[in-house]
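Since every read-out is calculated from the coordinates, none of them should be taken as a lab result. Please read these numbers as outputs of a predicted model, since none were measured by experiment. Positions of Cβ are generated from backbone atoms using ideal geometry, with glycine treated the same way; all protein chains shown enter the neighbour counts.
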Amino acid sequence: MSDLVFQDALKRLHRIGNQANVPEHVLAALSHPQATLSTNLCIRKDDGHLAYFKAYRCRYNDILGPTKGGIRYHQDVNQAEVEALALWMTLKCAVVSLPLGGGKGGITLDPKQLSPMELERLSRAYVRACADFIGPNTDIPAPDVYTNARIMGWMMDEYEKITRSKSPAVITGKPLALGGSLGRDSATGRGAYLCVKRLAKNLNLVPAQTTIAIQGFGNGGYFCAKLLQQDGFKIVALSDSKGAIYAENGLDIESVHQEKQRSNTLKAVYCEHSVCELIDHQKINNSELLELNVDILIPAALDGVITRDNAHDIKARYVVEIANGPVTSDADAILAQNEVTVIPDILANAGGVVVSYFEWLQNKQGEYWSLDKVHSQLAAKIELAFDAAWRLKNEDAISMRDAVYRIAFNRLTDAIEAHGTSDYFRQ
Ligand code: GLU
């Protein structure tokens, strides 16, 4: 991700904010991250050498509550990216009415180049650097791209050693045995699935006749694909960082996932127990996947994959953003012109942070919820937010992205102005 991503996020923020007459002081507050910690972590590699890694944690805006957001391990992580992602977390928590602000963190590294022990040392070093910056009532990290429950467990453990107290609510997305929540692993995918279901209901889409391409087969993409297939939707294409597969008659998500776990390659297979056979398919690349003639396109990998260069070639009628920031601000207008409906990231991928919030509540209460309760409370939050945005989109004849941003702006404006507006302070 380039440094320009934060500028692009601000461009969109101001475009939608100005059109909705959001007060200038609110847009100013949302354009300035409150605090970003930037540091270099040093660990000893397995071969004895010392290695250095750039790392960041941003508490973007805490007007609605303690800041919340994941930690990303990726070679393209930089401060601008972390700040853009933290701005989106601020808006995301507001859209789904969580009493939380927005934050984000990251380490610049290729996680595939580190051994498991090096990863543990690095994750613990991150917490040592950030221990005064994070906390259960100030800033609560979680997983993001290439981080997982095990890493969250190491981080919680390190935090508890430093503070000499039990503090499970300092981080979410933990292993169940360490205070994690049921349903957190599948929450991002489930949230996006609930959005697709709402979309299908509003537009009378018939699952068996609705084709879907998913770019990215990580945690969010996998769970979303699995739930959609269970409902009868036809997932015709999937990709990972190395390439994509397309099968006109649909892919069996569980089989592809099983094979990917086993061989770390994406293969169009159908498995009966442990015996897998290749099915009729074509190998394509990631950009071909984006341009497939399908009904729904789900970018579920990284940001900036639909830009002004390829937005004209998107043939899907609906785009559901599981990734953060997959469509650039220039591409918004092109997609709108071509009547592509985009369910934006800050709604479509909010399931993760919603269940993180439930995990934090459970940790604070020392009481654990059933999976049914997590699922029903998640559905209630996502459906409420989706329906409010859909109504606003229809009433004001605006895009779903604009509607969702307006809802976030309203909540943030109320909280910011509750401290007094300039009228109040004018003599
Ligand atoms: N990393 C996820 C996101 O981008 C989840 C954040 C969280 O659970 O705090 O929304």
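Summary of computed values
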item: Value of D in µm² per second that Stokes-Einstein yields for the range 304-427, Kirkwood Rh from Cα pairs, at 10 °C (1.306 mPa s); result: 94 µm²/s
item: Over the range 1-130, relative contact order from alpha-carbon pairs under 8 Å, at least 6 apart, %; result: 28 percent
item: Convex hull of the range 151-252 built on C-alpha atoms - directionally averaged projected area, nm²; result: 8.3 nm²
item: Selection from Leu290, Val374, Leu87, by position along the positive dipole direction of the chain (Cβ); result: Val374
item: Cubic angstrom per residue, convex hull over Cα atoms of the chain; result: 149 Å³
item: Lone cysteines, the chain (no partner Cβ under 4.7 Å); result: Cys42, Cys58, Cys93, Cys130, Cys195, Cys224
item: Inter-probe distance in nm under a simple model that places probes 7 Å from Cα toward Cβ, at Lys364 and Asn285; result: 4.9 nm
item: Value in Å of the Kirkwood radius, where the range 219-328 supplies the Cα pairs that are averaged; result: 14.3 Å
item: Gain in span if fully extended, Gln209 to Leu50, counting 0.36 nm per residue against the direct Cα distance; result: 51.7 nm
item: Under the Debye formula (equal points on every Cα, no solvent term), log10 I(q)/I(0) of the range 275-337 at q = 0.15 Å⁻¹; result: -0.47
item: Charge dipole (the range 79-234, unit charges on Cβ, about Cα centre) - positive-most of Pro116, Leu199, Thr138; result: Leu199
item: Cα-Cα separations in the range 1-130 greater than 27 Å, expressed as whole percent; result: 26 percent
item: Largest-first principal axis extents of the Cα set of the range 372-427 (Å); result: 54, 32, 13
item: Overall dimensions of the range 22-79 by Cα: Rg and Dmax, Å; result: 16.2, 56
item: Coarse-grained scattering of the range 215-270 at q = 0.26, 0.29 Å⁻¹, given as base-10 log I(q)/I(0) from a Debye sum over alpha-carbon atoms; result: -1.10, -1.39
item: Dipole magnitude of the chain about its Cα centre (Cβ charges: Lys, Arg +1; Asp, Glu -1), debye to nearest 20; result: 900 debye
item: Protection-proxy order for peptides 340-350, 216-226, each taking the mean of Cβ atoms within 10 Å per residue, highest first; result: 340-350, 216-226
item: Average Cα contact separation per residue, the range 1-55, under 8 Å, 6 or more apart, as relative contact order %; result: 21 percent
item: Dipole-positive endmost among Leu30, Ala129, Ala323 within the chain (Cβ charges, Cα centre); result: Ala129
item: Net dipole in debye of the range 50-127 [+1 Lys, Arg Cβ; -1 Asp, Glu Cβ; about Cα centre; nearest 20]; result: 160 debye
item: Rounded, prolate or oblate (a/c below 1.5 giving rounded, otherwise prolate when a/b exceeds b/c) for the range 79-196 by Cα gyration tensor; result: rounded
item: C-alpha center-to-center spacing [the range 218-235, the range 49-82] in angstrom; result: 29 Å
item: Inter-centroid distance (Cα atoms) of the range 173-212 relative to the range 126-142, Å; result: 28 Å
